[in-house]
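The values are calculated or read from the model by the stated rules, or taken from the named source; none is laboratory data. What you are looking at is a predicted structure, and each value in this text was computed from that prediction instead of being measured. Cβ placement follows ideal geometry from the backbone for every residue including glycine, while neighbour counts extend to all protein chains displayed.
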Amino acid sequence: MTHPHDATADSKIDMTTSASPSQEQESEEQPVSPAAAAASVAQAATKSLIAKSDNEEPPVPPHWKTNVFLLILAWFLGYTVQFTHIAGTVAIAKEMAGDYLATLPNGLIFIGGLLSTMPLSYIGERYGLRVSYVVGTGAGLIGATLCLLAMKYWSFSLLCLGLLFQGTQQATTQLVRFGVRSVCPPKYVSRALSWVVAGAAVAAPIGPQITRAAVWLVPDSKYLGIYIILECIIFAMTLTVMGLRIPANIATTSLSESAVTEVNAPLESRSSIVRRVFSSKKYLIAVVSGLVSYMIMVLMMAPAPIAITNAGFTFSDQANVIMAHVLGMFAPSIFTGYLIDKFGSVRMNIIGIAILTLSIAILFAGEHLPVFYVGETLVGIGWNFSFVAASTTIAQGAKPGRELQTVQSVNDTTIQVISAIIVLVSGPLYRTINWVPLAILGVAIIGLTVATILAIMRLPIRGLVHDVHGLKGYKREEKDTEK
């Protein structure tokens, strides 16, 4: 005997079973739009790529150890050229054109770098990093040749033109450190970067020593030997970057990041990134601190060779003072990162500005050789602490990729513009107001900086986030008023 409920259940099962083929047929015949199909395929591919990239380690770039070594060597050679210019070119230009124009050639180095940074970046993106580096060092060879002719015929105009080309070579040196990210496995990037930057500390004593030793290398032509050696160094840098073996299609972003960006949303405009990132007190304070530390360093360093020689000291004395200053700038980099991790970037920024203030106070003591040694060395150390701490805040806070590159380019371009202006005016300024009033101007800039930072802290915008092991940030929230 069959229960009525069982019969009903059986009929439902039969109806369901009989209906399923027709439903499947209808679903198969239902059209799917091309846009929906493309989106579905793209999302499935993205999920597959992300899962694969998360589960597997990224491939190791070929020849990465050789490439990193060559980048370290290129950075070292490039900074040797830069330190030689810092130690010798101002004094040489002073003999050629007087105090008012003594800093003009070194200012043209900054202008040349400013004009060539973007074209070199485009060449690197379009044709590869090696081509970009070779173009930059090739311009440096042209500049060194013009400087040779300037010494041969004692022409200030040729010297200025040559150093404008040298600016392209210096811009190439700055781009070398970014090449580490493209040739090195991700887990070794920070270590490789530290070794690259440390090369500047090794180059610091070499540049001034070249200036001292090569003054009369060519007996019949004073200073010609300096630029002969510089041309050899730049040629060695050219051979070094030509030895790089970097794949032309090497990626600069991770697989998952590029896939998600391509499928989900359009790229954020650079102007929008700048407005968003720099609406934070943290970034504003970091940019102001880094910029002012660079301003003080350039203001007290650029006219220093003029002040030292005008005080009656020798060409070798001013080269040694600049060597001490440059060592103060880069030698602390060996442990600055550790100090930032321990005390926080905010505290290190404050310590750096305090050391800069102390250095200027020492330079108030007068134009004596020990005063120049101690004061200029402390200027370098204060710059290192403040500038590196500010750069760390910017680099760690921005997201890797387009945002980080945009923030860094805005920050570096601002610094290059201000540095070029200060180098160009520091010679006439020193000649007009002399050394001690110039130091007073530095104190005024620091005072204005402190006032600016305090004003930023009181702005009703996003607060300065808590810094690791550092000071608690200031945060001011706008209160909503009900009417």
Open item on the list: Just to be sure before I move on: is Ile109 over 30 Å from Tyr430 (Cβ atoms) and in a helix (DSSP H, G or I) in the structure I sent?
Closed with: no
Task: Of the criteria (1) surrounded by 17 or more Cβ atoms within 10 Å (Cβ to Cβ); (2) aliphatic (A, V, I, L, M); (3) at pLDDT 85 or above, which one Ile421 fails - done: (1)
Open item on the list: Whether any residue in region 76-85 is free of Cβ contacts under 8 Å to residues at least 12 places away in the same chain and either of a type outside the set (Asp, Glu) or touching a strand residue (DSSP E or B) at 6+ places or on another chain (Cβ under 9 Å) (or both) is what I want to check.
Closed with: no
Open item on the list: All but one of (1) among the hydrophobic types (A, V, I, L, M, F, W, C); (2) under 24 Å from Ile421 (Cα atoms); (3) surrounded by 18 or more Cβ atoms within 10 Å (Cβ to Cβ); (4) at pLDDT below 80 hold for Val274; state the number of the condition that does not hold.
Closed with: (3)
